[in-house]
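**Q** Here's a structure for you.
A short reminder: the numbers here are calculations on the coordinates, not readings from a lab. No experiment lies behind these values; they were computed from the predicted model shown. All Cβ positions, even for glycine, are placed from backbone atoms using ideal geometry, and neighbour counts span all protein chains on display.
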Amino acid sequence: MYSKDKFKLGSERSAIRELFEYGKRQARIVGAENVFDFSLGNPSVPAPKKVNATIKKLLKKYSSTELHGYTSAQGSIELRTAISNDLNSRFDANSTPDEFYISCGAAAALCSVFGALRTSSKTEIIAFAPYFPEYKVFVEGSGAKFKTCELDEKDFQFNFEALEKLINENTAGVIVNSPNNPSGVVYSKESLEKLSAFLEKKSKEFGHPIYIISDEPYRELVYDNIEVPFVPSIYANTIVCYSYSKSLSLPGERIGYVYVPGVCEDSKEIYAAVAGSARSLGYVCAPSLLQRVVTECVSEKPDLSVYDKNRRLLYEGLSQMGYSCVHPDGAFYLLVKSPKGDGNEFSNIAKEKNILVVSGESFGCKDYVRISYCVDTKVIQRALPYFKELIK
């Protein structure tokens, strides 16, 4: 006997991963140089030099047992202090080390939070389209219900008309992802203030707090001096999930955190529930070596020049060809409206020319495709003529 639900998840990859695996197979047939893989958000910019230098230093400084042994379940006090100091200096967060739970990346952080907020089988979590497809998997895996707030194609901010119809007494939280995957849009301070006022009103109406779960793996990846508002400074009942996968180019190392601000309602209980949720899932003791590395590199930032160059090249190139593109202010994704009116159809047609772009269907925007531009610039330059053929 086995779980039919888990079998389905294990035997059917996400659309992103499926396209990525297809690209690897196709590269063996036609040559890697002839496959233009824009599927996966895998950082192409190397980790800051200090990261590798710190790893080498730590290997010499500590014995094997010291370096690779268990830490406290919630993470080392040194790392939690470093993160707290960093947020306090940058955002005047007034945080303390005891408000941070170190996680095995953003996925573990999110799963721990969803589990912590689930109080019954009726519990609901809302995500604004477009959204990262795994949110649905994580939410439903916690036993809660996943709800989609329809896309606002006007400016890709929050669709309050749809949210008003969707929110109810079972709503435990709403997910905010800014800069957004897949659109690259940064939610404005005005939009967040309006969302804050709306949720405060609904929390009073329903007699319990409705939390913002702020998923922030792309917080440091912004361009043109765009400001990414620090959500807890706008809405007290915010729980932050963060990852160093993009800011330090460490996606395979799985290191991040949950931040439950002290001003958050029931903060101590929420924190304990996050810890309990992580424990029940086996997400305890994030990698010890990486905890030490991030402690020393917490303020390091990525070199965004290549991403920015790719962003401009792709956005301007496709726009001039006649594609309708959502202007990205952050992250490393471009959301493009399908000329065919259906993202699946356009993605399949593009595959015939070995251009791998992900259909927007699983992101909650079926008429779009996502292009991940964290690739070598030459890949974009060589792919542009094929995009021109496709729109014809």
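**Q** What full-extension length gain, to one decimal in nm, is calculated for Lys194 and Lys309 as 0.36 nm per residue of separation minus the Cα-Cα distance? Walk me through the numbers before you get to the answer.
**A** Values: separation 115, 0.36 × 115 = 41.40 nm, distance 3.32 nm.
My answer for the length gained is 38.1 nm.
**Q** Mean shadow of the chain, computed from the convex hull of its alpha carbons, in nm²? Please list the in-between numbers first.
**A** Numbers: hull surface 81.1 nm².
Averaged projected hull area, Cα only: 20.3 nm².
**Q** What are the ³J(HN,Hα) values, in whole Hz, obtained from phi via the Karplus relation 6.51 cos²θ - 1.76 cosθ + 1.60 with θ = phi - 60°, for each residue of the range 243-256 in sequence order, with x given for Gly and Pro?
**A** Working through the residues one at a time gives 9, 8, 4, 9, 5, 10, 6, 10, x, x, 9, 6, 9, x Hz.
**Q** What shape does the range 104-183 have by the C-alpha gyration tensor, where a ≥ b ≥ c are the square roots of the eigenvalues, rounded means a/c under 1.5, and otherwise prolate means a/b greater than b/c and oblate the rest? Display every interim value, and only then the final one.
**A** Details: a/c = 2.49, a/b = 1.26, b/c = 1.98.
Here the range 104-183 falls in the oblate category.
**Q** Next up: Which value at 222 nm does the chain reach when only helices count, each DSSP H run of 4 or more adding -39,500 (n - 2.57), with the total divided by all residues and rounded to the nearest 500 deg cm²/dmol? Don't jump to the answer; show the numbers that get you there.
**A** On the way: 14 runs with 169 residues, N = 392.
Only helices count here, giving -13500 deg cm²/dmol.
**Q** List the relative contact order of the range 71-297 as a percent without decimals, with contacts defined as Cα pairs under 8 Å and 6+ residues apart.
**A** 28 percent
**Q** Sticking with this one: Using alpha-carbon pairs under 8 Å, 6+ residues apart, how would you state the relative contact order of the chain in percent?
**A** 24 percent
**Q** Let me ask something additional. Rounded to the nearest whole Å³, what is the per residue volume of the convex hull around the Cα atoms of the range 71-297? Provide the component values of the computation, followed by the final result.
**A** Values: hull volume 25.8 nm³, N = 227.
Residue-normalised Cα hull volume stands at 114 Å³.
**Q** Please label the shape of the range 1-139 as rounded, prolate or oblate, based on the square roots a ≥ b ≥ c of the eigenvalues of the alpha-carbon gyration tensor (a/c under 1.5 means rounded; beyond that, a/b larger than b/c means prolate, else oblate). Before the final figure, lay out the partial values.
**A** Working: a/c = 1.85, a/b = 1.20, b/c = 1.54.
In terms of gyration-tensor shape, oblate.
**Q** Still on this structure, please answer the following. Exposure proxy check: Leu110, Leu192 ranked by fewest other beta carbons within 10 Å? Mind dumping the intermediate values first?
**A** Details: Leu110 26, Leu192 23.
Final ranking by Cβ density, sparse to dense: Leu192, Leu110.
**Q** With θ taken as phi - 60° and the coefficients 6.51, -1.76 and 1.60, list the Karplus ³J(HN,Hα) couplings across the range 361-366 in order, rounded to whole Hz; mark glycine and proline as x.
**A** Couplings: 4, 6, 8, x, 9, 5 Hz.
**Q** Related question: Quick one: Karplus J couplings for the range 379-387, per residue in order, coefficients 6.51, -1.76, 1.60, θ = phi - 60°, nearest Hz, x for Gly and Pro?
**A** 3J(HN,Hα) across the range 379-387, in whole Hz: 4, 5, 4, 6, 7, 4, x, 5, 4.
**Q** In addition: Using alpha carbon centroids, what distance separates the range 272-345 and the range 90-122, in Å?
**A** Spelled out, the Cα-based centre of one part sits 19 Å from the other.
**Q** Another question about this same structure. Among Leu281, Ala144, Asn180, whose Cα lies farthest out toward the positive end of the dipole of the range 71-297, if unit charges sit on the beta carbon of Lys, Arg (+1) and Asp, Glu (-1)?
**A** Leu281
**Q** Order these peptides, 246-253, 333-340, by their mean beta-carbon neighbour count within 10 angstrom, highest first.
**A** By packing density, highest mean first, the sequence is 333-340, 246-253.
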